[in-house]
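Q: For reference, the structure I am asking about is given below.
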């Protein structure tokens, strides 16, 4: 059974010729600031509300409901996980986000992919 391991992606776009290592360092500095800095409650509430709204809107069609239930069964072996996920999302606090960023992003393994546009064909 595949269990959802999670994925977090952060990206930055730079003008041609910019130093990609400096860009990566700046992006990591922003993530570090989020993990260790003060984040206003309203910002966390805004993101949580956006995520909940997207999840609820996706379930307004039979296909969306089937997708949520199918994903819950496939990833967790339990259809009830679809609703449990929404409940857990409602309970997320900034301390949870900061703990996860510290443990899995700042002290975890990272993969960096540099995409540089080549010359026009």
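Q: Would you call residue 34 surrounded by 10 or more Cβ atoms within 10 Å (Cβ to Cβ) and closer than 22 Å to residue 108 by Cβ? Reasoning before the result, please.
A: On the way: surrounded by 10 or more Cβ atoms within 10 Å (Cβ to Cβ): yes; closer than 22 Å to residue 108 by Cβ: yes.
Yes; evaluated as a whole, the condition is true for this residue.
Q: Taking segment 8-48 only, how many residues are more than 17 Å from the chain's Cα centre (by Cα) and in contact (Cβ under 8 Å) with a residue 60 or more places away in the chain?
A: 4
Q: Is there a residue in segment 2-19 that is under 27 Å from residue 107 (Cβ atoms), touching a helix residue (DSSP H, G or I) at 6+ places or on another chain (Cβ under 7 Å) and either at pLDDT 95 or above or loosely packed, with under 10 Cβ neighbours inside 10 Å (or both)? Full working, then the answer.
A: As a first pass, look at segment 2-19 and keep what is under 27 Å from residue 107 (Cβ atoms): 2-14, 19.
Applying the additional criterion that residues be touching a helix residue (DSSP H, G or I) at 6+ places or on another chain (Cβ under 7 Å) yields 2-4, 8, 10, 12, 14.
Adding the requirement that they be either at pLDDT 95 or above or loosely packed, with under 10 Cβ neighbours inside 10 Å (or both) leaves 2-3.
Within segment 2-19 (the criterion being under 27 Å from residue 107 (Cβ atoms), touching a helix residue (DSSP H, G or I) at 6+ places or on another chain (Cβ under 7 Å) and either at pLDDT 95 or above or loosely packed, with under 10 Cβ neighbours inside 10 Å (or both)), the answer is yes, since at least one residue qualifies.
Q: I've got another one for you. Restricting attention to segment 1-27, which residues are assigned to a loop (DSSP other than H, G, I, E, B) and more than 30 Å from residue 73 (Cα to Cα)? Give the derivation first.
A: Of all residues in segment 1-27, those assigned to a loop (DSSP other than H, G, I, E, B) come to 1-19.
Within segment 1-27, 11, 12, 13, 14, 15, 16, 17, 18, 19 qualify.
Q: What is the residue count in segment 61-83 for residues that are out of contact with any helix residue (DSSP H, G or I) (no Cβ under 6 Å at 6 or more places or on another chain) and touching a residue at least 12 places away in the same chain (Cβ under 8 Å)?
A: Of segment 61-83, the ones out of contact with any helix residue (DSSP H, G or I) (no Cβ under 6 Å at 6 or more places or on another chain) are 61-63, 65-67, 70-71, 73-78, 80, 83.
Pick out the ones that are also touching a residue at least 12 places away in the same chain (Cβ under 8 Å) and you get 74-77.
Result for segment 61-83: 4.
Q: When segment 28-70 is examined, which residues are found to be more than 20 Å from residue 9 (Cβ to Cβ) and assigned to a loop (DSSP other than H, G, I, E, B)?
A: Hits for segment 28-70 are 37, 38, 40, 59, 60, 61.
Q: With (1) on the phi < 0 side of the Ramachandran plot; (2) at pLDDT below 95 as the list, and residue 77 as the residue in question, which single condition is left unmet?
A: (1)
The values are calculated or read from the model by the stated rules, or taken from the named source; none is laboratory data. None of these values were measured; they are calculated from a predicted model. Neighbour counts are summed over all protein chains in view; Cβ atoms, including those assigned to glycine, are modelled from backbone coordinates with ideal geometry.
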